[in-house]
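The values are calculated or read from the model by the stated rules, or taken from the named source; none is laboratory data. For clarity, every value in this text was computed on a predicted model and none was experimentally measured. As a convention, Cβ positions derive from the backbone with ideal geometry for all residues, glycine included, and neighbour counts pool all protein chains shown.
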Amino acid sequence: MSALSGTTDQFPVRVLGGPTALFEYGGLRFLTDPTFDGPGDYPSHGPVLTKTAPSATVPADLGPIDVVLLSHDEHADNLDTCGRALLADVPLTLTTPGAGERLGETAKGLADWESVELNRPDGGTITVTGVPAVHGPGPREQVEPITGQVVGFVLTGEGLPTVYVSGDNASLDAVKETAARFAPVDTAVLFAGAPRFPVLFDGGLLVLDSAQAAQATEILGARRVVPVHHDSWAHFTEGRDELEAAFAAAGLADRLDADWIQRA
């Protein structure tokens, strides 16, 4: 067992920078969108992405990871060179159908509402379900040809809290679809940051902004929110201050994870 192990709804979530977070759930250790390369410019499908700050740790210090929840593999701010190398040592990577084909035998793509059962070390299972995500403004069929497939995840298990990991999602309609099946959610790991590029979708949002993250919290009935994907990259246009202000304005300041607040 790792030092991350916790009980029921308040298990620790360690935010490592950008979209990367580490948590233990049902005795398994999960890592979201691994990004550990240093600051600098990174080519991607579309505009160059500029990383402005290092990760809070390095892969060698993480300890064993059982499952990577990879929202998509096509952008360096969600999967970078160090992150790709890490996947080779992880037994299972859950991701988009396209990435599942690209990343090799240990990767499995999940379509919307497709689930996998994972065995818990202490008996029982964890169910991980792929849920809709749209990486930009507008209908998925118009967005995916430009920014690619993205998937979110919901984790459930007997005696365990319900956990939502949004991935790079800009669609509140996708959040509503997920809430219709899984709300209320105990912990929501929400990708935010309001990333934009003038050359993409006329500068429209590629992922939720801070006000939308607060709306998503209400839609999901989320008891606790851990924001990620709001720092360390130049194209994130909103950060911690905007998130705290938006949640306060919505009367949801108490939903923000206490550990996340203390990391200010």
For Asp61, all conditions in the list (1) in contact with a Pro (Cβ under 6 Å, 6 or more places away or on another chain); (2) under 26 Å from Trp260 (Cα atoms) hold save one; what is the number of the exception?
(1)
Any chance you could count how many residues in region 237-264 are surrounded by fewer than 21 Cβ atoms within 10 Å (Cβ to Cβ) and assigned to a loop (DSSP other than H, G, I, E, B)?
8
Please work out if Gly159 is touching a residue at least 40 places away in the same chain (Cβ under 8 Å), in contact with an Asp or Glu (Cβ under 9 Å, 6 or more places away or on another chain) and not in a helix (DSSP H, G or I).
no
So, in region 114-136, of the ones that are in a loop (DSSP other than H, G, I, E, B) and more than 17 Å from the chain's Cα centre (by Cα), which residue ends up nearest to Val207 (Cα to Cα)?
Glu114
One residue is enough: does region 49-60 have a residue meeting the conditions farther than 18 Å from Ala85 by Cβ, surrounded by fewer than 20 Cβ atoms within 10 Å (Cβ to Cβ) and not aliphatic (A, V, I, L, M)?
yes
Go through region 228-264 and count every residue that is free of Cβ contacts under 8 Å to residues at least 60 places away in the same chain and within 13 Å of Ala21 (Cβ to Cβ).
1
Matching residues in region 220-236 - criterion: being closer than 13 Å to Val185 by Cβ and either in contact with a strand residue (DSSP E or B) (Cβ under 6 Å, 6 or more places away or on another chain) or crowded, with 19+ Cβ neighbours inside 10 Å (or both):
Leu220, Ala222, Arg224, Val225, Val226
Hits in region 1-60 (condition: modelled with pLDDT under 95, among the hydroxyl-bearing types (Ser, Thr, Tyr) and not in a loop (DSSP other than H, G, I, E, B)):
Thr8, Tyr42, Ser44, Thr50
